[in-house]
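The structure appears below as C-alpha cells.
The values are calculated or read from the model by the stated rules, or taken from the named source; none is laboratory data. Everything quoted here is computed from the prediction, not taken from an experiment. Methodologically, a virtual Cβ is constructed for each residue, glycine included, from the backbone with ideal geometry; neighbour enumeration extends over all protein chains shown. These accessible areas exclude ligands, DNA and RNA; they are computed on the full protein's heavy atoms, side chains included. Shrake-Rupley method; radii C 1.70, N 1.55, O 1.52, S 1.80 Å.
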Amino acid sequence: MKEVKPTYMCTELELYAIAELGYNNLATDLAVFAAKKAKYTAAFLTALRATRSAAMALPDEEARNVEHQILRNVLISDFLPPVLDNFNVLKGYIKDAWPNEKPEPRYEAAGGKKYAKAAGKNWENVAGLNTSMQQFIAAHSAKLTTPGGMTGAFVTKVNDDATNFNSKYELFVQARETGVARGEKITANNLLHKELMAVLEDGAERVWRNFPDKRKNYVFATLKNIVSPPGSASLKVIVIRGDDTVVPNVPVTIKQEGATLATRSAGITLSTDKEGVALFESADPGRYAGVVVVDGVKINFTKEIDTGVKARITVEVAP
C-alpha cells in the first residue's frame, strides 16, 4: 500500500487554524464571492467547514501513540516481572536437577542468553525467553521435577505468564502500527487543504485581485503567519534507554521539513542535559525530522510542533 503524503506545507493544527480563519473571511465576503461564482452559498460554506471538522475529528499523532505508550507501561509493570522471576526460579530447579554439572550451559538452553535483553525491555527477547523456558521444561520435565524439585504449579505459572504476555504484546504491536490511521488522517487533511486552496485562489486571484488590503486575507502564507508567527513554538526531546535511564551529553538535531534548502541543510543541534533533555525554544512551527546519535548509532524521529503547544517527544535508544 502506497504511503499517503501530505499536500500541505504546515502542521495539522496550522492547517485547521488557517482554514478556520480563511472560512471566517469567506463568510464575511460571501455575497461578493457569490457574485463571481454561483457555488458560493451558505450551504457550500457549511460543507467546507464540515470537511474541516471531519479531519479534526480523526485521531492525531499524539492520540494514536497514547495507547501504545499505555500498553508499554503495563508490559513493564505487570507482564515483564513475572517472566524474569520465572527464569530465576527455573535456574534453581536446573541447579538441583544436575547437581554435578556446571549449570551455565543449561541456563543458556533455557533462555539465559535472552535474559539480559529481556530485562532491558526488548520485547522480542521477552517472548523468546518465554518460549525457551517452555521448551526446556517440556524436554526435561522429569529431571526438573526429581531431583530438581519443580512443582506442577510452577509449570502452569510459566505457561500462563507466557500466554498473558503474548496477548498484551500483540495489542502493543498493533497499537504501534499506526500507518493506516495516519493515512486516513492525512487523506482527510489533504481534502481540507484542496478545498481551502480553491477558496483562497478565488479570493486572491479573482474576487479581490485589485484590492491588496482584502486580497491578503486569502493568501496562505499571510494567514499562516497570523496563526503561527515564526519562533512561536518549542520542542522538548527526551532521550532514554530501554531501562528508562536518561542519556545525557548526546547530540540531537532537528531539521524542518519543507523549509528552505539552507535552513533544512543546517538544522539545529543541541546536546542533552543531565536529565537527558534537549530543549529547542523559539522554533518555527512546523514538522521536523530529527536524529539522536548515541555511541555512533543514529535514531531518527519526526515531530510536529505548533504555536502555543509545548511539544515533547521521548526517543528510546538501545539499553
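Worth a mention:
- Accessible surface of the chain, 1.4 Å probe, proportion on carbon and sulfur as whole %: 55 percent
- Between THR156 and ILE268, the contour length at 0.36 nm per residue exceeds the alpha carbon distance by 34.9 nm.
- Those GluC sites (Glu not before Pro) in the stretch 269-319 that DSSP places in a loop and that have at most 15 other beta carbons within 10 Å: GLU275
- Taking packing as the residue-averaged number of other Cβ atoms within 10 angstrom, the listed peptides 189-195, 53-59, 95-101 run from highest to lowest as 189-195, 53-59, 95-101.
- Per residue Cα convex hull volume in Å³ - calculated over the stretch 198-256: 133 Å³
- Packing around the peptides 11-21, 104-114, taken as the average count of other Cβ atoms within 10 Å per residue, puts them in this order, highest first: 11-21, 104-114.
- Residue-count net charge about ALA42 - beta-carbon cut-off 15 Å; Lys, Arg +1, Asp, Glu -1: +2
- Summing Cβ point charges (Lys, Arg +1; Asp, Glu -1) relative to the Cα centre of the chain gives a dipole of roughly 680 debye.
- Förster-model FRET efficiency, 30 Å R0, ARG241 and ALA109, C-beta, rounded to 0.05: 0.55
- Mean-position separation - Cα centroids, the stretch 182-237 and the stretch 28-71, in angstrom: 13 Å
- A crude spin-label estimate for the pair THR131 and LYS216, with each label 7 Å from Cα along the Cβ direction, gives 6.4 nm.
- In angstrom, the C-alpha Rg and Dmax of the stretch 124-172 are 12.0, 39.
- Helix axis angle, 152-176 relative to the chain longest principal axis, alpha carbon, degrees: 20 degrees
- Electrostatic tally near PHE211: other residues with Cβ closer than 15 Å to its Cβ, Lys and Arg +1, Asp and Glu -1, net +2.
- Under 15 Å, Cβ to Cβ, from VAL227 - net charge with Lys/Arg +1 and Asp/Glu -1: -3
- Taking the C-alpha atoms only, the angle from helix 12-28 to the longest principal axis of the chain is near 20 degrees.
- ALA318-MET9 pseudo-label distance in nm [points 7 Å out on the Cα-to-Cβ vector]: 3.9 nm
- Percent of beta bridges antiparallel (DSSP, the chain, rounded to nearest 5): 75 percent
- Debye, to nearest 20: dipole size of the stretch 1-141, +1 on Lys, Arg Cβ, -1 on Asp, Glu Cβ: 380 debye
- Note on the stretch 268-319: percent of Cα-Cα distances in each 10 Å bin, starting at 0 and stopping at the bin with the largest distance, equals 20, 57, 21, 2.
- Rounded if a/c under 1.5, otherwise prolate or oblate - the stretch 152-249, Cα gyration tensor axes: oblate
- Between the residues GLN174, MET197, THR146, the greatest Cα displacement towards the positive end of the dipole of the stretch 140-217, with unit charges on the Cβ of Lys, Arg, Asp and Glu, is found for MET197.
- Taking each DSSP H run with n ≥ 4 as -39500 (n - 2.57) and averaging over every residue of the chain yields -17000 deg cm²/dmol at 222 nm.
- Accessible area expressed per residue, the chain, with surrounding protein chains retained (probe 1.4 Å, Å²): 53 Å²
- Taking 0.36 nm per residue of sequence separation and removing the Cα-Cα distance, the LEU84/LYS36 pair yields an extension gain of 10.1 nm.
- Compactness of the chain was expressed as the Cα radius of gyration divided by 2.2 N^0.38 Å, which yields 1.42.
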